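Here's the structure, in structure tokens; my notes come after.
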Amino acid sequence: MEKQEIIKKLSKEEKAELLTGRDFWSTAEFKEKGIRSLYLSDGPIGLRKQAAASDHLGLNVSLPATCFPSSSIMACSWDEELGERIGEALGEEAASMNVDVLLGPGLNIKRNPLCGRNFEYYSEDPYLSGKMAAAYVRGIQSKGVASCVKHFAANNREYRRMTSDSIMDERTLRELYLRGFEIAVKEGGAKCVMSSYNKVNGIFANENPHLMKDILRGEWGFTGVVVTDWAGSNDRVAGLKCGNELEMPGCKYGIEDVLIALEKGEIEESLLDESIERLLSLSEFTEKKEVKEFDKEAHNELAKEASEKSAVLMENDRILPLKGREKIAVVGDFAFKPRYQGAGSSIVNPIMLTTAIEELKKSEFPAIYYCRGFERYGKKNKKLLKEAERISGQAEVTLFFAGLDEYSEAEGIDRKDMKIPENQIEVFKDLIDRKSGSAGMP
């Protein structure tokens, strides 16, 4: 049935209902009128589709999926072809779980290194961010799943992200904060854009006519769907006027506001029709996806390849590569339990998880000594320190696995500083001093 014919059969109430979610993750449906529900799911670095019924926060346990390297790591590869292959894998996994819209990639600029969500974003360089995002978008959408680039725009902090105001001149806005999105839309062909929580020059992004109408739809020619970030609709009618089709999650007050605005003549019914037509186009595109099992082993190998091609060796001093003949000590809790992602809406329940200690045990090193060395969450522990000293003293090479815990980088909060926890630094310095023969010296 033609989209216009479907729209003619809808009442005003049904039209208003289609412009907000049915629940936390899906859109409204009217099967008898040819309108199916769309399912949206988190997924910048791996699919996060909830296994159980959607809870009000959307944080129930998710179905197992491949956890790919974070966007911050992938940007270090400078490899668009690799990014597109990861996008294809993400699209396959989304299709296999009947997800229509994958909420990602995220490509906000890393304006401040303390942003708690930097791990989800590619770079401080808008060109690199845009190119990598466009590659992901092409890969995802090649599998019949829509990619939703986010968070549009100038959302570069987590602290008070729902009320903060990003103030800048036009040149800064375009050259730094919008350039990546422009590339993702024009070169990637993104079918969906997610608006951000913050204000841009005093106006909430979702209802900012300069962002949404003049630039996104006008200059860039975007014809896809704009969805709010979850609970990111400040004024539903103002957002609708700017071309925001979908408010998420479901909100009965949004429906009421639209109907009241219609009754008062603040908006025309044709505005609803235009929005619904774009939603129906999105439905048509995603209806073609092929729902089938994906190759878990192949996707895990792709994640491994991406990790290897994105790794950056900061300093070596002729230590690496190890020859395989050394006696080694492995110190650090992260060798036993790797921290491979940040916290928040992007958390992936990985199908496969490889630890460093498991892989080292398979190697040909003549002797491997290992211990946790420190408490993961910052507490000082003299017993663990002594054990680290003991095994390091027996080895020729010590591999020290340091890092931040799971709560150090998370959605909704920014980091207080750039420091590695002090207890890890103390263990590290102690082992260095002992190797250099200066232990106990002032």
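The values are calculated or read from the model by the stated rules, or taken from the named source; none is laboratory data. None of these values were measured; they are calculated from a predicted model. Ideal geometry is used to build each Cβ from the backbone, glycine not excepted, and the neighbour counts take in all protein chains shown. Surface accessibility is based on the protein's heavy atoms, side chains included, excluding ligands, DNA and RNA. Shrake-Rupley method; radii C 1.70, N 1.55, O 1.52, S 1.80 Å.
Here are some notes:
- Residues that are β-branched (Val, Ile, Thr) and in a loop (DSSP other than H, G, I, E, B), drawn from the range 95-109: VAL99, ILE109
- Residue satisfying all of: in the range 198-231; farther than 19 Å from ARG174 by Cα and outside any strand (DSSP E or B); most open to solvent (accessible area, probe 1.4 Å) among these: THR223
- Checking each residue in the range 309-323 for being of a type outside the set (A, V, I, L, M) and at pLDDT below 95 picks out GLU315, ASN316, ASP317, ARG318, PRO321, LYS323.
- Set side by side, the residues LYS150, LYS131 differ, and just one is open to solvent by 20 Å² or more (accessible area, probe 1.4 Å) and in contact (Cβ under 8 Å) with a residue 24 or more places away in the chain, which is LYS131.
- Selection count, the range 324-345, where residues are on the phi > 0 side of the Ramachandran plot and either of a type outside the set (Gly, Ala, Ser) or at pLDDT 95 or above (or both): 1
- Residue that is surrounded by the most Cβ atoms within 10 Å (Cβ to Cβ) [pool: residues in the range 316-329 that are of a type in the set (A, V, I, L, M, F, W, C) and within 13 Å of GLU396 (Cβ to Cβ)]: ALA329
- Residues that are closer than 18 Å to ASP295 by Cβ and hydrophobic (A, V, I, L, M, F, W, C) were ranked within the range 343-363; the one that is surrounded by the fewest Cβ atoms within 10 Å (Cβ to Cβ) is LEU353.
- Boolean, MET162 is touching a Phe, Trp or Tyr at 6+ places or on another chain (Cβ under 8 Å) and in a loop (DSSP other than H, G, I, E, B): yes
- Of the criteria (1) within 25 Å of ASP414 (Cα to Cα); (2) in contact with a Lys or Arg (Cβ under 7 Å, 6 or more places away or on another chain); (3) surrounded by fewer than 24 Cβ atoms within 10 Å (Cβ to Cβ); (4) of a type in the set (S, T, N, Q), which one ASN118 fails: (3)
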